[in-house]
Amino acid sequence: MKNSRGPKKAGSRRSPKSRFVVGTLEVNPAGFGFILPKRAGLPDVYVAEEDMGDAIHGDVVKAIVYKNRQKNKLYGKVKKVLSRNTSEITGLVKRGNGVPALVPLNRRYNFTLLLPDDADLDDGTVVVASIKKYPRFPFPGEGKAIKVLGNENDPAVRILALMEEYKISCDFPEEVLVEAEKVKEMPPFYASLDEREDLRDEIAVTIDPSDAKDFDDALSVKKIDDGWTVMVHIADVAEYVRPGGSIDIEARDRSFSVYLVDRAVPMLPHQLSSDLCSLVEGKDRLCLTVKMTLDRRGDLLKYEITPSVIRVRKRLTYDEVQEALDDKKTLGKELDNTIALLAAVAKVLYEKRKKAGMIEFDFPEAKVELDDEGRAINVKVIERVFAYRIVEHLMILANSVIAEYLFKSDALAIYRVHEKPTREKLMELKDMLSSLGIELKRIGQSNKAINRLLKQVEGLPCKRLIQGLVLRSLPRARYDVRCLGHFGLALRYYLHFTSPIRRYPDLTVHRMVHALIAKDSEMLGQFALQELSAVATYASAMEERVDEVEMTSVKIKIVEYMANKIGEVFEGVISWVTPRGLFVELANTVEGFVPLEDMDTYGKFYYDEDSLSLKGSGAKALRLGDVVKVKLMRVDKSSNQIYFHLLLYGE
């Protein structure tokens, strides 16, 4: 086939044999991309930037595939765009000598759009533009501005642009708001107040971050002769969100609440998420309560699931609870006793799960502090105190109990599944660890084998890096109608039940539990396997998207914060090595890039794939896990990238 874009590279497209593939184009910010085939079992196909035609990131395309015999890799050339995924682009206006151009903020859209109809737009304005003509490498496309978000220097604009890109809205459709206003007047759906167990006299507490926006779980505990009775109260959102209603349709579409660095975007309208369904201190609230009796070893002796009405005695924060546990403050005799009992239960459950093989990662979590105008003023690591474990392990317990209840009732359900890693992934992990000097004969597919590995690297400077490599080797947890167990938690039965205000799968599970409690065969018959499978698949995809946008919002503010640190020197650890350079992570989780060409002052370095290192002349080598000093040179807000200069030999 004639290549009109230039001479062929040696070793490429030699085979006369070719075939077509249909799939989604995923573009790397560096320009190249991969086609992810629709047909299961087919490998991804590499596509050079010049071979994408007028396809852009996210498009479904048909491509002709060639095999590179020397590299044993598949190369593709887009022949046709079958469907577009993107019709609008959010970007930054750049004015040259002529027509203003839009540069997409998401670097996966590695092109520009000319804006011939928007001559009045100022340089540095962030806008949303509709695509009128799609770009074809190396030529730009054309667009028209349809919404102006503001100037790039406004601290809120980057987040607004991110929300536009991911189609995240704080606003709800009018029909949803109208229905939300009428919810209080609606007759009982699953259980009336008289049909619910009255637990308002129980000491129920919520434990959340200080900046929590909604409260969907509360805890109660009592000491018994040989253990404890624990009650996990979960907001009965299903009582208010009726299947097929406007609120339900919108909630299913959103699937999750989104917690951005400077705001929360709820799955449910505020009348429900912040008021009627939220377990607010001192207010009567409808719940589904899971009562569990545990012995001193943490073994479950019996349980009961009941519709209830509760009244939260006190809203507590993690910091308050930890201070009470550390005897640094008192919450009053009654609450101090409750917290002590909850902590005792959580400790027993934690130790029990560790023995069972629960995999525990110790990743630092960054929190960006903002001023009143939304500007980043600090980046710090959140300390994971024991108070977090109290809530975490009691929620895990309730989730596992509900999962077993539904499974053994032969009811349909949406489970939270986490499968064991493949042998191929573990072999890749073994090879990467070898490059760090950690030699292992093999890594087994069991939880305990992973835990042995994590224990082996405890105390090493590259511990965080190795934990990241291990995590990458594990499959992502997802939703499924099949009960496949949870590898990471070492549980046979598991699902999500405890956060129905912010997760749609939990709300769906609540409806199933209500139907089982009521022994309503007609209600149970409304759940079709195909529909639940669709909900599970969609929620899994939406969760990935939500995770991505939440992390990106944090990165935006981290880059904004670091922009004020240009010229400062930091100590960090080499967190990844690529042929283009290396990444360095600082103690506060900030990560930056050192380009290979920036290291020429120290001699020539080359990438060694086998050892995942950059090797220079003589004995010089830069490896994963090495502790280094770096100087912050610049930041690129459009790509959210931080650039360091490596300081070697006492520079």
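Let me check I've understood the local charge: for Pro307, count other residues with C-beta under 9 angstrom from its C-beta, Lys and Arg +1, Asp and Glu -1. What total comes out?
Summing Lys and Arg as +1 and Asp and Glu as -1 gives -3.
Taking amide H positions as placed in the peptide plane 1.01 Å from N, state which residues far from Leu82 in sequence (5 or more) or on other chains have amide H under 5 Å from it.
Long-range HN contacts for Leu82: Val60, Val61, Lys62.
Return one number: the angle in degrees, 0 to 90 and rounded to the nearest 10, between the long axis of the Cα atoms of helix 386-408 and the longest principal axis of the Cα atoms of the chain.
Rounded to the nearest ten degrees, it is 80.
Once the Cα gyration tensor of the range 213-368 is found, what semi-axes does its equivalent ellipsoid get, as square roots of 5 times the eigenvalues, in whole Å, sorted largest first?
Details: eigenvalues 171, 84, 67 Å².
They are 29, 20, 18 Å, listed largest first.
Rg/Rh for the range 553-597: what does it come to with C-alpha atoms and Rh from Kirkwood?
0.98
Sort 76-89, 336-349 by packing, meaning the average of other beta carbons within 10 Å per residue, with the highest value first.
336-349, 76-89
Based on the alpha-carbon gyration tensor of the range 363-466 and its eigenvalue square roots a ≥ b ≥ c, which shape applies: rounded if a/c is under 1.5, prolate if not and a/b is larger than b/c, or oblate?
oblate
Under a Cβ-Cβ cut-off of 9 Å, what is the net charge of the residues other than Ala346 that fall near it, where Lys and Arg count +1 and Asp and Glu count -1?
Within the 9 Å Cβ shell, the charges total +1.
Roughly how many Å² is the accessible area per residue of the chain, as a whole number, for a 1.4 Å probe?
So the chain comes to 49 Å² accessible per residue, rounded to a whole number.
Per q in 0.18 Å⁻¹, report the Debye log10 I(q)/I(0) for the range 167-255, using one uniform scatterer on each alpha carbon and no solvent.
Result of the Debye calculation: -1.03.
Arranged from highest to lowest average of other beta-carbon atoms within 10 Å per residue, in what order do the peptides 558-571, 280-293 appear?
Ranking, from highest mean packing down: 280-293, 558-571.
According to the square roots a ≥ b ≥ c of the eigenvalues of the Cα gyration tensor, what is the shape class of the range 18-176, taking rounded for a/c under 1.5, prolate for a/b larger than b/c otherwise, and oblate for the remainder?
Prolate, because a/c is 1.5 or more and a/b exceeds b/c.
Given a cut-off of under 8 Å on Cα pairs at least six residues apart, what relative contact order in percent is computed for the chain?
Working: 1271 pairs, mean separation 62.8, N = 651.
Result for the chain is 10 percent.
Where the accessible area of the chain is counted over protein heavy atoms with a 1.4 Å probe, how much of it, in %, is carbon and sulfur? Don't skip to the answer; put the middle values down first.
Values: 15470 of 31730 Å².
Reported share for carbon and sulfur atoms: 49 percent.
Once you keep just the Cα pairs under 8 angstrom separated by 6 or more residues, what percentage relative contact order results for the range 518-612?
Relative contact order of the range 518-612: 14 percent.
Can you give the angle from 0 to 90° between the axis of helix 504-518 and the longest principal axis of the chain, with both taken from C-alpha atoms, to the nearest 10?
Once rounded, the angle reads 30 degrees.
Pop a pseudo-label 7 angstrom from the Cα along the beta-carbon direction at both Val148 and Glu197 and give the gap in nm to one decimal.
Taking the two extended label points, one gets 6.0 nm.
Report the FRET efficiency, 1/(1 + (r/R0)^6), for Arg442 and Asp44, where r is their Cβ-Cβ distance and R0 is 35 Å, rounded to 0.05. Walk me through the numbers before you get to the answer.
Values: r = 27 Å, r/R0 = 0.77.
Using R0 = 35 Å, I get an efficiency of 0.80.
Taking the 0 to 90 degree range and rounding to the nearest ten, how far is the long axis of helix 463-473 tilted relative to the main principal axis of the chain, both from C-alpha atoms?
90 degrees
Provide the three semi-axes, in whole Å and in decreasing order, of the ellipsoid equivalent to the range 539-651 as defined by the square roots of 5 times the Cα gyration tensor eigenvalues. Before the final figure, lay out the partial values.
Numbers: eigenvalues 149, 65, 25 Å².
Ellipsoid half-lengths, sorted descending, are 27, 18, 11 Å.
Give a residue-ordered list of calculated ³J(HN,Hα) values for the range 636-645 (Karplus: 6.51 cos²θ - 1.76 cosθ + 1.60, θ = phi - 60°; whole Hz; x for Gly, Pro).
Along the range 636-645, the couplings run 10, 5, 5, 10, 6, 10, 10, 10, 10, 10 Hz.
What is the packing order of peptides 496-502, 201-207, taking the mean over residues of other C-beta atoms within 10 Å and listing the highest first?
496-502, 201-207
Any idea what the relative contact order of the range 487-540 is, in percent, if you count C-alpha pairs under 8 Å spaced at least 6 apart?
Taking the mean separation of contacting Cα pairs over the length of the range 487-540, I get 24 percent.
Give the lysines reachable from Lys62 as a straight Cα distance under 21 Å; neighbours fewer than 8 places away on the same chain don't count.
Filter leaves Lys2, Lys17, Lys38, Lys73, Lys77, Lys79, Lys80, Lys133.
The values are calculated or read from the model by the stated rules, or taken from the named source; none is laboratory data. Since this is a predicted model, take the numbers as computed values, not measurements. Positions of Cβ are generated from backbone atoms using ideal geometry, with glycine treated the same way; all protein chains shown enter the neighbour counts. In case anyone asks, the SASA skips ligands and DNA or RNA and just uses the protein heavy atoms, side chains included. Shrake-Rupley method; radii C 1.70, N 1.55, O 1.52, S 1.80 Å.
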